[in-house]
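Scroll down for the structure; my scribbles are underneath it.
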Amino acid sequence: WLIEDLELKRIELASAEGKNPEYSLYLEAVSPERTEYWVFVILPYESAKEWFAARRAYHGRKAVGYYGETQKELERALSQGLKIKAELRFLIEKGNMSMQIPEAAIMSRYKFQPVFDLRTARRLGSPAKTQ
């Protein structure tokens with residue numbers, strides 16, 4: 001896992017002020033064929049309402065159109081005990097941001113399957129075990 005220097009300083013400053021900010025982490029995956037970076041945003045929110053408030057702070061009035069349905073889906077998932085701590089934002093390959101949807105890439109390349117379907121509010125399986 002990697003974190004940028006400026007991002008780390010921002011987190012340290014926020015933590016010193018008693019805040020718990022969103023931040024990005026990079027998972028570096030190295031293989032003989034390529035090095036890729038999976039970029040995750042760590043979410044410090046305890047509720048879908050807090051998550052949506054952060055989206056609204058950034059997107060303003062557009063937030064309802066962009067994220068209103070997602071907020072409802074997250075509320076249903078959280079009510080069923082799903083813990084959401086991070087969001088997979090994008091994939092970097094060969095130094096460029098991939099145009100492929102990161103969830104589609106991780107499912108096809110590495111055969112990871114989702115553990116929860118937000119649209120149907122159903123648990124699909126257990127989290128993947130790693131060594």
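The values are calculated or read from the model by the stated rules, or taken from the named source; none is laboratory data. Note that the coordinates shown come from a computational prediction; the quantities given were computed from them, not determined experimentally. Note that each Cβ is placed from the backbone with ideal geometry, even for glycine, and that neighbours are counted across all protein chains shown.
Of note:
- Residue in region 49-61 that is surrounded by 15 or more Cβ atoms within 10 Å (Cβ to Cβ) and without any contact (Cβ under 8 Å) to a residue 12 or more places away in the chain present: yes
- Boolean, residue 37 is assigned by TED's automatic domain parsing to the domain that holds residue 2, out of contact with any His (no Cβ under 6 Å at 6 or more places or on another chain) and of a type in the set (Phe, Trp, Tyr): yes
- Selection status of residue 95, closer than 28 Å to residue 11 by Cβ, exposed (fewer than 15 other Cβ atoms within 10 Å of the Cβ) and out of contact with any helix residue (DSSP H, G or I) (no Cβ under 8 Å at 6 or more places or on another chain): yes
- Note on region 17-34: among residues that are touching a residue at least 12 places away in the same chain (Cβ under 8 Å) and not hydrophobic (A, V, I, L, M, F, W, C), the one that is farthest from residue 55 (Cα to Cα) is 34.
- Test for residue 73: is it of a type in the set (Asp, Glu) and either exposed (fewer than 14 other Cβ atoms within 10 Å of the Cβ) or within 20 Å of residue 2 (Cα to Cα) (or both): no
- Number of the exception - residue 125 against (1) in the same structural domain as residue 3 (by TED's automatic domain parsing); (2) more than 29 Å from residue 5 (Cα to Cα); (3) loosely packed, with under 11 Cβ neighbours inside 10 Å: (1)
- Region 31-44, residues that are modelled with pLDDT of 90 or more, under 20 Å from residue 96 (Cβ atoms), surrounded by fewer than 16 Cβ atoms within 10 Å (Cβ to Cβ) and touching an Asp or Glu at 6+ places or on another chain (Cβ under 8 Å): 35, 41
- Test result for residue 73, of a type outside the set (A, V, I, L, M), closer than 30 Å to residue 109 by Cα and modelled with pLDDT under 90: no
- Residues in region 80-94 that are closer than 16 Å to residue 31 by Cβ and modelled with pLDDT under 90: 94 alone.
- Failed item in (1) among the hydroxyl-bearing types (Ser, Thr, Tyr); (2) closer than 23 Å to residue 24 by Cα; (3) in the same structural domain as residue 11 (by TED's automatic domain parsing), with residue 108 passing the rest: (2)
- For region 109-122, the criterion of a residue being assigned to a loop (DSSP other than H, G, I, E, B), out of contact with any helix residue (DSSP H, G or I) (no Cβ under 8 Å at 6 or more places or on another chain) and surrounded by 13 or more Cβ atoms within 10 Å (Cβ to Cβ) is satisfied by no position.
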